[in-house]
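Notes follow once the structure below has been shown.
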Amino acid sequence: MQRINQTQTTYIIDLDNVSKRLDVYLAEMAQVTRSHVKMLVENGDILLNGQPVKKTGVSLRLNDEIIMINSEPQPLSLEPEDISIDVVYEDEHLAVINKPRGLVVHPAQGSESGTLVNALLYKLDNLSGINGVIRPGIVHRIDKDTTGLLVVAKDDVAHVDLSMQIASKTCKRQYIALVEGVLKRDNGTINAPIARMRNDRKKMVVDPMGKEAITDYEVVKRYARYTLVKFNLHTGRTHQIRVHSKHIGHPIVGDKSYNKNKDKFNLNGQLLHAERLQFVHPITHEEMVFFAPLPDDFRYVLETLDKEINI
């Protein structure tokens with residue numbers, strides 16, 4: 001991998017930081033995200049007592065020497081694209097986007113263009129560089145066929161602060177979904193670890209060996225064969241709400257990956273919408289709360305179900 005203006009920083013562990021995880025320590029000291037630390041570890045750019053670190057969660061000991069090698073970001077090779085996106089809010093530090101269904105958040109193999117990142121490069125004047133050339137500005141993601149709110153960072157200071165809010169669960173994300181079947185309980189918590197499916201790495205599954213995943217739910221409305229439910233995330237695992245919904249026997253309507261039931265509404269994706277986003281502005285420290293109305297197809301399905309009730 002090409003290096004540009006490589007810099008090196010050395011840290012010596014004192015008594016106050018003994019037993020801390022390496023990624024937690026570096027996130028605090030270097031003001032970077034833990035995902036950035038993970039990327040450096042994978043690239044062999046963090047040395048512990050002269051040896052490349054293999055795990056970000058290694059526990060630190062007194063007088064350990066950490067060398068962190070950083071490179072300035074490579075010139076961005078992605079092309080700005082004039083893709084229509086709904087910018088709910090924007091200032092010089094961040095922007096809040098209401099993502100439509102079918103839009104991939106950032107480029108990956110097989111989808112190098114036509115993504116939200118391409119649209120952001122065209123629409124916004126700046127994006128943070130912490131996540132590298134492929135995911136500039138991206139603090140958190142929502143799935144391609146999930147709609148709703150996400151925040152993007154326009155500078156690195158905002159990016160680090162917002163990432164820490166997500167990690168500490170002070171950034172609150174609320175989703176609404178239509179699920180199969182009728183939930184009996186009005187509310188509850190799903191606490192079930194999630195890992196990648198062994199025979200299909202694109203899918204996730206509840207697995208005792210997986211990472212902790214916790215989701216709160218609350219019933220909004222019950223229909224004859226469906227339930228409208230609000231979900232609040234405590235953790236942010238890939239496909240978390242979709243996997244947890246399937247795990248409790250109520251997969252999300254229209255979910256082509258985790259719902260085997262026939263889709264009678266002919267949807268283009270799951271009826272899962274990030275409707276509310278709350279965080280503290282990283283610079284002004286103002287409490288920010290945003291809401292996004294349901295997309296047209298979601299609203300149409302609910303209207304159809306309401307008519308069935310009234311017949």
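No value in this document is a laboratory result; all are computed from the given coordinates. All of these numbers come straight from a predicted model, not from anything done at the bench. Cβ sites come from the backbone with ideal geometry, for glycine too, and all protein chains shown count toward neighbours.
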Determine, for each peptide in 138-149, 38-49, the mean count of other beta carbons within 10 angstrom over its residues, then list the peptides with the highest first. 138-149, 38-49
Quick one: what are the phi-derived ³J(HN,Hα) couplings along segment 282-295, Karplus 6.51/-1.76/1.60 with θ = phi - 60°, whole Hz, x for glycine and proline? x, 10, 7, 6, 7, 6, 10, 10, 10, 10, 10, x, 4, x
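Place the peptides 157-163, 169-175 in order of packing, highest mean first, counting for every residue the other Cβ atoms within 10 Å and averaging per peptide.
Details: 157-163: 22.7, 169-175: 18.4.
Per-residue Cβ counts within 10 Å, averaged per peptide and sorted highest first, yield 157-163, 169-175.
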Can you give the helix-only mean residue ellipticity at 222 nm for the chain, where every DSSP H stretch with n ≥ 4 adds -39500 (n - 2.57) and the sum goes over all residues, rounded to the nearest 500 deg cm²/dmol? -6000 deg cm²/dmol
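What fraction of the Cα pairs in segment 86-167, stated in percent, has a spacing above 20 angstrom? Let's see the in-between values first.
Numbers: 798 of 3321 pairs.
Counting every Cα pair in segment 86-167, those more than 20 Å apart make up 24 percent.
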Extending each Cα 7 Å along its Cβ direction at GLU28 and LYS169, get the distance between those two points in nm, one decimal. 2.0 nm
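Within segment 263-311, list the GluC sites (Glu not before Pro) lying in a DSSP loop whose Cβ has at most 11 other Cβ atoms in a 10 Å radius. Could you put the intermediate results ahead of the total?
On the way: sites: GLU275, GLU286, GLU287, GLU303, GLU308; in loops: GLU286.
When the GluC sites (Glu not before Pro) of segment 263-311 are filtered for loop state and at most 11 Cβ neighbours within 10 Å, GLU286 remain.
Which translational diffusion coefficient, to the nearest whole µm²/s, is obtained for the chain from the Stokes-Einstein equation, given a Kirkwood hydrodynamic radius over C-alpha pairs, 10 °C and 1.306 mPa s?
On the way: Rh = 21.2 Å.
Calculated translational D: 75 µm²/s.
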Which shape class applies to segment 228-311: rounded if a/c is under 1.5, otherwise prolate when a/b exceeds b/c and oblate if not, where a ≥ b ≥ c are the square roots of the Cα gyration tensor eigenvalues? oblate
Residue separation between GLU308 and GLU212 times 0.36 nm, minus their alpha-carbon distance, gives in nm 30.6 nm
Quick check: the angle from helix 296-310's long axis to the longest principal axis of the chain, C-alpha only, nearest 10 degrees? 30 degrees
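Of the listed pairs LYS123/LYS230; LYS169/LYS203; LYS154/LYS211; LYS144/LYS246; LYS123/LYS172; LYS221/LYS260, which have alpha-carbon separations greater than 28 Å here? Could the numbers behind the result be given before it?
Numbers: LYS123/LYS230 31 Å; LYS169/LYS203 25 Å; LYS154/LYS211 30 Å; LYS144/LYS246 18 Å; LYS123/LYS172 26 Å; LYS221/LYS260 23 Å.
The answer is LYS123/LYS230; LYS154/LYS211.
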Would you list which aspartates and glutamates come within 16 Å of LYS20, measuring only between C-alpha atoms, while excluding same-chain residues fewer than 8 positions from it? GLU28, ASP64, GLU65
Students often check this: by mean Cβ neighbours within 10 Å, which of 207-218, 82-93 ranks highest, and how do the rest follow? 207-218, 82-93
